[in-house]
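The values are calculated or read from the model by the stated rules, or taken from the named source; none is laboratory data. All figures in this text were calculated on a predicted structure; none of them were measured in a lab. Here Cβ is always computed from backbone atoms with ideal geometry, including for glycine, and neighbour counts include all displayed protein chains. Side chains are part of the model used for accessible areas, which takes the heavy atoms of the whole protein and leaves out ligands, DNA and RNA. Shrake-Rupley method; radii C 1.70, N 1.55, O 1.52, S 1.80 Å.
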Amino acid sequence: MQAVPLDRSLPPLIIGGGLSGCEAALQLSARGIASELWEMRPAVMTEAHVSEGLAELVCSNSFKSEDPVRAQGLLKLELDKLGCRLLQIARECRLPGGAALVLDREQFSAKVTNTIEADPLVTLRRERFEDLQAQLATGRLVILATGPLTSDGLWQQLSELLGDGGCYFYDATSPVISTKGINHDVVFSQSRYDKGGGDDYLNCPFEKDEYEAFRAALLAAEVYPINAADKYLLFEGCLPIEELANRGEGTMRHGCLKPKGLVDPRTGRMPYAAVQLRWEDAFQNAMSLVGFQTRLRFGEQDRVFAMIPGLEQVKIMRYGRMHRNSYVEAPKVMLPTLQVREHPNLIITGQLTGLEGYMSAISTGLLAGINASRLLSGNEPQIPPEKSCLGAMMQFMVNPGHKEYRPTAFQYGMLKWLPEKVRRDRKADLIRSEAENAWLEMELLVGR
Ligand SMILES: Cc1cc2nc3c(=O)[nH]c(=O)nc-3n(C[C@H](O)[C@H](O)[C@H](O)COP(=O)(O)OP(=O)(O)OC[C@H]3O[C@@H](n4cnc5c(N)ncnc54)[C@H](O)[C@@H]3O)c2cc1C
């Protein structure tokens, strides 16, 4: 299909009412541009979403660190400068979580849904969209924000348009448990290194023999199979717990079960390992097991996770599940403005770009909204400045030098302009002052 000139008289379509699509719609609205936002739920559900709410968080309820020394904290400062709407809403739904921005997922989704529904410039259509090529043929601007679980028909159309089968990986969700039945004689509340409030996390401490038995049970447990034609490709930043167990005796203990910074009040010393539990709701009815994404069969999750000290009697309210996630091979097909090279009226955003995680989805949604508004106003789309976090993400995304383009969240390693030593030592002040110059440049360009 040939690219056609942009018809600025047609309102843009945003496909997918997830994190990225909602941020894009609100950014367009903030610039006085009306859009149509298409969301297929509840008529058609994905394998991971469970509600009809917009911006549903499918797994963890953490937006990661707000500490500006960390890459994710620096990114949040930048998004604040740019007027990110979902980040503002997230802070209104904050739960205790130490330095991390942990949120009540239901409240967040409800607030985003209400904000979109009340916005006179956003028309919400609850329909599945599978008309990509026909819409592009009219010259309409389309923002594709359908995420890693894009419906099959639309994925097929996109693959044909890009002349490429795209990429995939497997990702899993963590179980959520009821707080009833937690044995508080064993489980203790404490934030690691006492960061944040003392009750922000609960910890289930393991003795060495308990940890070894737990690991052995994980390794022997039955798992759900993946598609026969696929390789079992995983996102290294978020590995299933059984995969961590498989990688070695110490892998879990140095990862999500690390006991560092914790002191078990029963023994007065650091436990051998510890599972952390994070609040799921303001009523304290539910908690998630931090870092416990899994593809264990449901019965096996009941059996094996009951071996965690203090959780012997708890019920799993939502089981962990494995999903196949699709994304485009961005270095081949995309521009650093989020436009598709051969079809510049098509903007791809969110996890579909291969940039991983909730914060990447929100960040690219924001840039998609800015660039869509620039294109529709007859301006050139913006490539964010190199020294900004968004700029670094775009450069990473289109870099032709990847051996294999793998899903990646924003990290300091993407700030290529930083001397290696500064990056490694996380010289926050220096990084921040350079980034602030880039933000000034960017604020001028986005016209805020
Ligand atoms: C199982 C799983 C677990 C994850 N866990 C985490 C995690 O713990 N932490 C983290 O940071 N990231 C996680 N991610 C990655 C990623 O951050 C999320 O998927 C995030 O929601 C991506 O945002 P998005 O806007 O790109 O897509 P989504 O938020 O998924 O939104 C896409 C929307 O498009 C809709 N849609 C799809 N096809 C169509 C169509 N044809 N027509 C209309 N609507 C359509 C979907 O219903 C959905 O609402 C996970 C992803 C998956 C799949």
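Taking Ile308 as the residue in question, decide whether it is of a type outside the set (Gly, Ala, Ser), assigned to a strand (DSSP E or B) and touching a residue at least 40 places away in the same chain (Cβ under 8 Å). Against the criterion (of a type outside the set (Gly, Ala, Ser), assigned to a strand (DSSP E or B) and touching a residue at least 40 places away in the same chain (Cβ under 8 Å)), Ile308 does not qualify. If you check Gly97, Gly21 for being open to solvent by less than 40 Å² (accessible area, probe 1.4 Å), closer than 27 Å to Arg321 by Cβ, within 11 Å of the ligand (Cβ to nearest atom) and small (Gly, Ala, Ser), only one passes: Gly21. When you check Glu52 against the structure, is it more than 7 Å from the ligand (Cβ to nearest atom), surrounded by fewer than 22 Cβ atoms within 10 Å (Cβ to Cβ), charged (D, E, K, R) and modelled with pLDDT of 95 or more, yes or no? It is true that Glu52 is more than 7 Å from the ligand (Cβ to nearest atom), surrounded by fewer than 22 Cβ atoms within 10 Å (Cβ to Cβ), charged (D, E, K, R) and modelled with pLDDT of 95 or more. Kindly indicate the residue of region 317-328 that is at pLDDT 95 or above and open to solvent by less than 20 Å² (accessible area, probe 1.4 Å) and also nearest to the chain's Cα centre (by Cα) among those meeting that condition. Residue satisfying both the conditions and the ranking: Tyr327. When residues in region 149-175 are screened for being part of a strand (DSSP E or B) and more than 12 Å from the ligand (Cβ to nearest atom), 1 of them pass. The test for being buried (at least 20 other Cβ atoms within 10 Å of the Cβ) and modelled with pLDDT of 95 or more does not hold for Leu124. Considering the conditions (1) within 18 Å of Glu210 (Cα to Cα); (2) surrounded by 14 or more Cβ atoms within 10 Å (Cβ to Cβ); (3) in contact (Cβ under 8 Å) with a residue 24 or more places away in the chain, Lys260 is excluded by exactly one of them, (2).
Consider region 127-148 and keep the residues that are within 15 Å of the ligand (Cβ to nearest atom) and open to solvent by 60 Å² or more (accessible area, probe 1.4 Å). The one that is farthest from Glu280 (Cα to Cα) is Asp131. For Phe283, work out the one condition from (1) without any contact (Cβ under 8 Å) to a residue 24 or more places away in the chain; (2) in a helix (DSSP H, G or I) it doesn't fulfil. The single condition Phe283 does not satisfy is (2).
Would you be able to say whether some residue in region 329-352 is closer than 25 Å to Ala172 by Cα, surrounded by 18 or more Cβ atoms within 10 Å (Cβ to Cβ), polar (S, T, N, Q) and in contact (Cβ under 8 Å) with a residue 60 or more places away in the chain? The answer is yes, given that some residue of region 329-352 is closer than 25 Å to Ala172 by Cα, surrounded by 18 or more Cβ atoms within 10 Å (Cβ to Cβ), polar (S, T, N, Q) and in contact (Cβ under 8 Å) with a residue 60 or more places away in the chain.
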